[in-house]
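Just so it is clear, none of the values below were taken in a lab; they were calculated from the coordinates. The structure presented is a predicted model; accordingly, all values stated were derived computationally and were not measured. Positions of Cβ are generated from backbone atoms using ideal geometry, with glycine treated the same way; all protein chains shown enter the neighbour counts.
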Amino acid sequence: MIEAFEKQTVRQAEAKVVAEHPHGALMKKAAGEVSDTTVEFLLARDAKVEETRILGLVGGGDNGGDCLYALSYLAKLGYPCLALLLSGKPHEKALAAAEKAEVTIERVDLAGSARQIARLAARRARAAQVWIDGLVGTGVNGKLREPLAQVAAELTHLYESRSSKVLRVAIDIPSGIFTDDGRLPGPFLGADVTVTMGGHKSSCLLPPAAYHFGKVRLVDLGLQMKEPRLARLEAGDVGALWPVPGPEDHKYTRGVVQVVAGSSAFPLTGVMCVEGAGRAGAGMVRYVGPEDAAFAILSRFPEAVSGVGKHQCLLVGPGIDPKDSSRVREAVNQVVQAATSGIPLVLDAGAINLYTEITSQIPGGTLNHRTVLTPHAGEAARLLSALGAGGGRGGVSRAEVEASPAAWVQYLADKTGATVLLKGAVTLIASAGGTMFSQAGAPYWTGTAGSGDVLAGITAAVLAQHQARAEQSGHQLSASRVSAAVASAAWVHAMAARKAAGLPFALSDPESAYSLGAPLVATDIARAIPQAIAHALEQI
């Protein structure tokens, strides 16, 4: 499991360890990891040593010191290295080491205008195949100051306009990404790989900042930190969480999912939910919908059963036409019954828009952690606005949710009492007072019609399986168990999409950093679910 912490938490823990390791030992260790990682990624690109020019963007303090030491190691390996000093106070010992290793040193005239300095940095960057970002570290808050803000903006524009991409290596954290909640308040310099020190910073797991860290490599400094409030499940964690049937299990003890989806206007919407749930290990999937839709779904997935029956998780929403009053009434009634009985609920798509109508009929008027809401940013914005968020500004917009998803998903969890899965390239799972999970790894091809329905089906299946075991033991599912189960569903969905796109499951492989995979459809994701689960179980 990847655990992430606020910057200040890491800095405080790091200060104690640094005090116990004098003479720059930890800085040299960190620089060695930066050097090794750079070489590893260059080898994956088949880059020739003597033809690969490396530019170090050197700021002051420890971050700049890490950069200078890393350049000295790379220069000793034969790489042509230039250190562009963008601080009047570079780390003296690290600078001496770089000079001794014959790194070319260029001191920037900081009395010049920010525009002049940025243009100089761009000229040097244009001639390099690698940029090592040692401008600023986690000690800075807010936005980048000038001239570094202009430098970051100029280099970002240069990177985006180049036909042959350079390798961007960030030290500890990409310069300009200073918030703990994933927001991007100003110019920043993104990375293809970030070598982070001591502990993962929360912004490396939270979008939109997380989209600009690239691959993240952790340098273990032996820090001692309290239990995090943000985490990411990996394969072994999912394997340990995933319910595996035993010799005495049968379809009813393995978890039954009931799917209420589709309507006359959208008759086949439920098929991806049904298939996602079935392939994720549910003992049985029941479909409740229009007769013609049921026939079509059973033709596609004959293992499903048509009609209402006992179940351990109810999935409601995809394809529920708000104009179809009888279908809406049926969906709301089923949700209220499930909520009253205490079994897990997954409210997806159309059901999210029925939130007010649903809660008005639930005893107490609130949901609990066993109800999972699965909005994308647009649906989250509509629900937030309905809940009164945004005050007199006319509610909350999709753009606002996308700019600060961590804050808004937590707001939804706190306000509704539900577990909330906010879909995106990085999917966030939040509950009131619990650990937030951030799951990623799916190729961008995953944003396709029906993909969310498959995810809803996987989520319902894993909850039904956990609920079945809870019923057998006489316990109720805890909030932490529900959140972790939902996060494991998001992991399976992402890995199934990787498999469908022709990508490896391994996320840290440098060679996969440059692989885009192939287009896919939701059916491809559903069919790859068993392989993703098998991979997780193999990692236990």
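With a 10 Å Cβ neighbour count serving as the proxy for reagent exposure, in which order, fewest first, do L77, L218 appear?
Ascending Cβ contact count within 10 Å gives the list L77, L218.
Report the dimensions of the stretch 235-538 along its three principal axes from the alpha-carbon atoms, largest first, rounded to Å.
Principal-axis extents of the Cα atoms in the stretch 235-538, largest first: 50, 46, 40 Å.
Under 27 Å from the Cα of K215, which lysines turn up, not counting those fewer than eight places away in the same chain?
Straight-line reach from K215, under 27 Å: K7, K28, K29, K48, K76, K143, K165, K201, K226, K423, K499.
Classify the stretch 385-540 from the C-alpha gyration tensor, please: rounded if a/c falls under 1.5, else prolate or oblate depending on whether a/b exceeds b/c.
In terms of gyration-tensor shape, oblate.
Roughly what angle does helix 291-300 make with the longest principal axis of the chain, taking Cα atoms, 0 to 90 degrees, to the nearest 10?
50 degrees
Compute the Rg to Rh ratio over the stretch 78-217 from the alpha carbon atoms, using the Kirkwood formula for Rh, and round to two decimal places.
0.95
Could you list the chymotrypsin sites (Phe, Trp or Tyr not before Pro) in the stretch 248-331 that lie in coil according to DSSP, counting only those with at most 15 other Cβ atoms within 10 Å of their Cβ?
For chymotrypsin sites (Phe, Trp or Tyr not before Pro) across the stretch 248-331 that sit outside H, G, I, E and B with at most 15 neighbouring Cβ atoms in 10 Å, the list reads Y252.
Decide, for the stretch 44-98, between rounded, prolate and oblate: order the square roots of the alpha carbon gyration tensor eigenvalues as a ≥ b ≥ c, take rounded if a/c falls under 1.5, and otherwise choose prolate if a/b is larger than b/c, else oblate.
Prolate, because a/c is 1.5 or more and a/b exceeds b/c.
Tell me what the chain gives for mean residue ellipticity at 222 nm when only DSSP H runs of n ≥ 4 count, each as -39,500 (n - 2.57), the sum divided by the residue total, rounded to 500 deg cm²/dmol.
Only helices count here, giving -13500 deg cm²/dmol.
Quick one: helix 377-386 against the long Cα principal axis of the chain, what's the angle to the nearest 10°, folded into 0 to 90?
Here the helix axis deviates by roughly 70 degrees.
Please report the projected area of the stretch 393-468's Cα convex hull averaged over all directions, in nm².
6.4 nm²
Can you sort D524, D66, D181 so the residue with the fewest Cβ neighbours within 10 Å comes first?
If I rank by nearby Cβ atoms, fewest first, I get D181, D524, D66.
DSSP loop GluC sites (Glu not before Pro) in the stretch 41-110 with at most 16 other Cβ atoms within 10 Å of their Cβ, which ones?
Listed in order of number, the matching sites are E102.
On the principal axes of its Cα set, how long, how wide and how thick is the chain? Give whole Å, largest value first.
77, 55, 46 Å, listed from the longest principal axis down.
Under 4 °C and 1.567 mPa s, how fast does the stretch 45-136 diffuse according to Stokes-Einstein, given a Kirkwood radius computed over C-alpha pairs? Answer in µm²/s, whole number.
Approximately 100 µm²/s, per Stokes-Einstein.
With a cut-off of at most 13 other beta carbons within 10 Å, and DSSP calling the residue loop, which trypsin sites (Lys or Arg not before Pro) in the stretch 292-397 qualify? Please list them.
Passing sites in the stretch 292-397 are K310, K323.
Give me the tail of P(r) for the stretch 318-375 as a percent: Cα-Cα pairs with distance above 14 Å.
Tail fraction, whole percent: 50.
Could you tell me how many cubic angstrom of Cα convex hull volume the stretch 365-437 has per residue?
Per residue, the Cα convex hull of the stretch 365-437 comes to 80 Å³.
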